[in-house]
Amino acid sequence: MQILYVLSVWLHIMAAITWVGGMLFLVLVVVPWLRRADRVVAAGLMRDAGRRFRSVGWVCFGIVLLTGSFNLWVRGVHLRNFADAAWRASPFGHAVTLKLSVFIVVLALSALHDFRIGPAATQAQRQAPGSPETERLRRLASWMGRGNTVLALILVALAVVIVRGWPW
Ligand code: HEM
């Protein structure tokens, strides 16, 4: 069992760093760089990079959900614990509940960004480049991306708390 557990934590961290690292690279490197590029070229690159990262992101979500559930199970956490108010109020239970709540928000925001707002912004850019509606959708998509990046950093902080306890 120990081999499976260690492998699961390794896979969990690998999926986490692939998604978080990818988000940070897009927000800190790709987007600022594309601002100086030709608008049409930039829109095409962002569309293609976004599509590619979308698949990588959802595979990472699947892996962290599976390995995270297994990690919780190995630590003796079962579904019934979430129905127990005393467990949810415990320092460990509180960290796990918060992390899963943030993860659910990240999933919802990613789904909206990846399957609604992102494609709508790409299509608007193709049909009416620079129009007020295109600019509104592009701004919304980029703010959703930034929001998810902040939530990703909060998820990692809560992960550290799950393993090492609250700092206070
Ligand atoms: C994108 C979402 C997630 C990210 C970025 C993430 C990140 C991490 C990281 C970096 C660690 C290692 C922390 C450390 O050793 O200090 C970790 C551990 C852990 N994560 Fe996640 N995680 C995510 C989703 C989840 C989900 C959905 C679950 C539960 C279903 C979960 C449950 C756990 C558990 C139980 C541990 C402790 C592993 C151990 O026993 O050492 N995580 N997570």
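The values are calculated or read from the model by the stated rules, or taken from the named source; none is laboratory data. Quick caveat: nothing in here was measured; it's all calculated off a predicted structure. Cβ: placed from backbone, ideal geometry, glycine included. Neighbour counts: every protein chain shown. With ligands, DNA and RNA removed, areas are computed over all heavy atoms of the protein, side chains included. Shrake-Rupley method; radii C 1.70, N 1.55, O 1.52, S 1.80 Å.
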Name the residue that is nearest to residue 106 (Cα to Cα), counting only residues in the range 135-158 that are out of contact with any helix residue (DSSP H, G or I) (no Cβ under 8 Å at 6 or more places or on another chain) and of a type outside the set (A, V, I, L, M, F, W, C). 139
Being more than 20 Å from residue 44 (Cβ to Cβ), away from the ligand (no atom under 16 Å from the Cβ) and either basic (Lys, Arg) or part of a helix (DSSP H, G or I) (or both) is the requirement here; does residue 143 meet it? yes
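Being in a helix (DSSP H, G or I) and among the hydrophobic types (A, V, I, L, M, F, W, C) is the filter here; which residues of the range 37-58 pass it?
40, 41, 42, 43, 45, 46, 49, 53, 56, 58
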Taking the options 95, 16, 42, 49, name whichever one is closer than 24 Å to residue 150 by Cβ, surrounded by 15 or more Cβ atoms within 10 Å (Cβ to Cβ) and more than 22 Å from the chain's Cα centre (by Cα). 42
Would you confirm whether or not the range 5-13 contains a residue that is within 12 Å of the chain's Cα centre (by Cα) and more than 27 Å from residue 124 (Cα to Cα)? no
Where the second residue is outside any helix (DSSP H, G or I) and open to solvent by 30 Å² or more (accessible area, probe 1.4 Å) and the first is closer than 13 Å to residue 96 by Cα and lies in the range 61-80, which pairs have Cβ atoms under 9 Å and are six or more apart or on separate chains? 72/78
Okay, helices (runs of 4 or more DSSP H) sitting entirely in the range 64-138 with 3 or more residues that are in contact with a Leu (Cβ under 7 Å, 6 or more places away or on another chain) and among the hydrophobic types (A, V, I, L, M, F, W, C), I get 91-112, 118-127
